[in-house]
1. Sort C:His104, B:His55 from largest to smallest accessible area, using a 1.4 Å probe on the heavy atoms of the protein chains.
2. Helix A:243-255 versus the longest principal axis of chain A: what is the Cα-based angle in degrees, 0 to 90, to the nearest 10?
3. Starting from the coordinates of the alpha-carbon atoms of the protein assembly as shown, obtain the Kirkwood hydrodynamic radius over all distinct pairs and give the value in Å to one decimal.
4. Assuming a viscosity of 1.002 mPa s and a temperature of 20 °C, what translational diffusion coefficient in µm² per second does Stokes-Einstein assign to the stretch A:88-205, Rh being the Kirkwood radius over Cα pairs?
5. Which value at 222 nm does the protein assembly as shown reach when only helices count, each DSSP H run of 4 or more adding -39,500 (n - 2.57), with the total divided by all residues and rounded to the nearest 500 deg cm²/dmol?
6. When the Kirkwood radius is taken over all Cα pairs of the stretch A:126-188, what Stokes-Einstein diffusion coefficient follows at 10 °C and 1.306 mPa s, in µm²/s?
7. Could you state the accessible area per residue of the stretch A:51-309 in Å², with a 1.4 Å probe and every protein chain left in place?
8. Using only the Cα atoms of the stretch A:52-96, each taken as one equal point scatterer with no solvent, compute I(q) by the Debye sum, divide by I(0), and report log10 of the ratio at q = 0.14, 0.23, 0.32 Å⁻¹.
Amino acid sequence: MICLALVLTLVLLCITSLFVGVADLSPAAILSDPAALDLIWTSRGPRTVAVVITGGALAVSGTIMQMIVRNRFVEPMTAGTGQGAALGILLVTLFTPSLPILMKMALATTVALATSTVFLFIVNRLPPTQPMLVPLVGLIYGGIIGAGVLFVAYQADLLQYIDIWMNGEFSGVLQGRYELLWIAAGVAALSYLAADQFAIIGMGRTASVNLGLNYTQVVVVGLLSISVVTALTVVTVGMIPFVGLVVPNIVSRLSGDNLRATLPMTAVSGAALVLASDIVGRLIRYPFEIAVGSVFGVLGAAVFLWLLYAPRRHA
Amino acid sequence: MLAVLLMACMAGYLTLGARGNWDFVLPFRGNKLVALVIVAVAISTATVLFQTITHNRILTPAIMGFDALYVLILTVQIYALGAQEYVRLSQSGQFIANVVLMLIAALALFGTLLSKTRNDLMRMVLTGIIIAVLLRAVTGFLQRVIDPSEYAVVQVASFARFARIEVELLAVAAVMTCSALAVTWRMRHRLDVLALGETAAINLGETPKRSMFQILVVIAVLVSVSTALVGPMGFLGLLVVSLAHLVTPTASHATLLLSAALISALTLVGGQFVLERVLGMSTPLIVVIDVIGGVVFLILLLKRKYR
Amino acid sequence: MIEISGVSYRIGGARILDGINLTLPKGGISALIGPNGAGKSTLLSLIARLMPHQTGTITVDNLVVGACPNNTFARKLAILPQASDAAPLLSVRELVGFGRYPYHKGRPSAEDHAKVERALATFGLTDLAARRLDTLSGGQRQRAQVAMTYAQDTDYILLDEPLNNLDIAASRSLMRVLRDLAASQGRTIVIVLHDINYAAAYADLIVAMKGGRIVATGTPDDIVTEAVVREVFETDPKIHRIDGKVIIEV
């Protein structure tokens, strides 16, 4: 039931997204006006697809990260992965600007993977009795890397890029400029194959080993998937904070933690929520646009506060 | 010793690398120097006070979003009044109005937070950080809603910048900081007692709840002053107060306030001097401080030195 | 004299204290006993205005708790709370010195210094005076806390389970010092104890509490009987009287 409602909402939002923008476009025009079709094909369509992929993939990454770290209050964009990706792409831009784009992406992903691995090491040293410490460390850790990125950017005079990577927005998405995101979509879809494994490592190392799982291997696969998705998102549209935090928490409150059942729901909800924010951003100060990162920053932080204090129903 | 080092840095900052007319250079740099020192002392004092009333070593007003609150208040005003209207107001009047609004908002927001989450330090810290994130997000959101031209006005007012210091504000800022510092200094023994914990403080005849609100007022004033002068200062407070605890391991606030203030001034003036004149770097000092301060914060957390 | 009338206390829906009426005489040692959750610590905290009171009134001599200025009260009554969260950065002498704060407000006189030294000597802390609290054992730290309470030089001293961290030698010596204070200086001591044997041996008056009410009040001979212990603690120990002293079988 919920699933159906979610999918319907998403479809409605997608249709809305196609017809909201600076240039007037009515549904009737598609049939008669070739320019309208062209607009959809080169701009509105790609933008909608990019938002849906980003929202869905980020929400899935958030879930996986929360399972790996075993804490509900972390997500890649605020715990160092996103900043690591930005650092990676910054370094690539600085030192090897001539590499083909896929190589650049691979390097950015590697740095994101490294920063997430370090975060995992730090988290494992924290006392398990202090669950609030994990997101705290994550936020500060992400902040440090972010400040490091800013430092390098200042020194190298690359500040104008920072704004693009650090603040997610979709207004620049056109046909030919977002296709890398399909890789993120693929990776997020692939991680569904390992949904059960991720659910099990969410119960901890002992439980995983007990159930015959290769714990380290699953963690590495998970981190890799998070890093690829995050790096691709950062480079293509920029950071969108809190998607990976808000969506998995809400889904888990509604439908529990059986990832095989809930992961598709998480992806659809993430896509719908980010798309809704994007549409709001396009409408609120029409004809100007407000970046989806700004909209989601407000929304996400508010929901995070609520999550911190709202008691879990079954607890 | 710290004082001597500070003097040296100040002298160096004033004179080194200056070309041209001394009559121009000295007053110009002198003003900047005064502003830097005011900001440094305001931040260190606000941080010491905040750590005393929250009984921990990792929280600072900046981490809990005090300066973000100030910038938000500024943005909301510009949003409500429009930039032209806003710029027409007198600087000092603007500033005093901001401080008053800041006092009300800070007491309402942080007063509630501190009395509600006393027993769960980590939840308090996390809530504070998220509130700071939220305040910044709302600010960013409003800034984008405001016209691009008005946005520029806020931008000037919301980044830590030492290159353009609001010299017109200097007199007002100095008076407010000095009165806040005087109040703090008179409280130093009470602070020692408050640091013993709530029960011990009541037992010794203090009134922790009332003191907490008085201290929050002082903190709000100090943060407003420093934010108005140069913008948000990030991890500076945490960094210098942690250093002060290392250099002068004592529970006496008289010593701690002094050493934190000296270290803070040394960090700002010295850091600015080294960065600007010696290394010739283009990065703002605050970015460097944020990296180092963030690492210090992580270390404090990991070594569990938060009490 | 401490007069408690009609005092109730609730936390959320739970009733912690239920209509307490009690008069504790001036001078001597009064011991509060009772099972865990009886409300002993809450009552002590209310007397010492550590928690805001909800209903009823408490007066200490002629001072109404909650209405009289905090600092005046701090020179009338001192409390040693159960888990003391003192800053470990202090030396023993500094901690004990804080006991004089209600008198000097941060500017100690020669007399204040003398009283601190006397407190250190009374509790055998002179040798440890320069040591930092975080380098001491739990028992030594507890003694430093008691010395601070003593240095506060008040007519009334309230102690909440002060024997918790102490071994038998330290416990006995603390109780002796307290009895001596009551006898020679006329101080009034109210103490929460969970070991009835100590209460029986040192207290002049025992107040037995259970479920937020007072079950019995009287001298050790009246209170430490098999009937009362059974009613209060819901356990059935034998009670022996040896050389006029009451001893409970454990």
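The values are calculated or read from the model by the stated rules, or taken from the named source; none is laboratory data. What you see is a predicted model; the values in this text were computed from it and never measured. Every residue, glycine as well, gets a Cβ built from its backbone with ideal geometry; the counts of neighbours run over all protein chains shown. For accessibility, only protein heavy atoms count, side chains too; no ligands or nucleic acids. Shrake-Rupley method; radii C 1.70, N 1.55, O 1.52, S 1.80 Å.
1. B:His55, C:His104
2. 70
3. Working: mean 1/r = 0.0324 Å⁻¹.
By the Kirkwood definition, the hydrodynamic radius is 30.8 Å.
4. Roughly 125 µm²/s, to the nearest whole number.
5. On the way: 39 runs with 543 residues, N = 872.
Calculated at 222 nm, the ellipticity per residue is -20000 deg cm²/dmol.
6. 107
7. 37
8. Debye intensities relative to I(0), on a log10 scale: -0.41, -0.79, -1.04.
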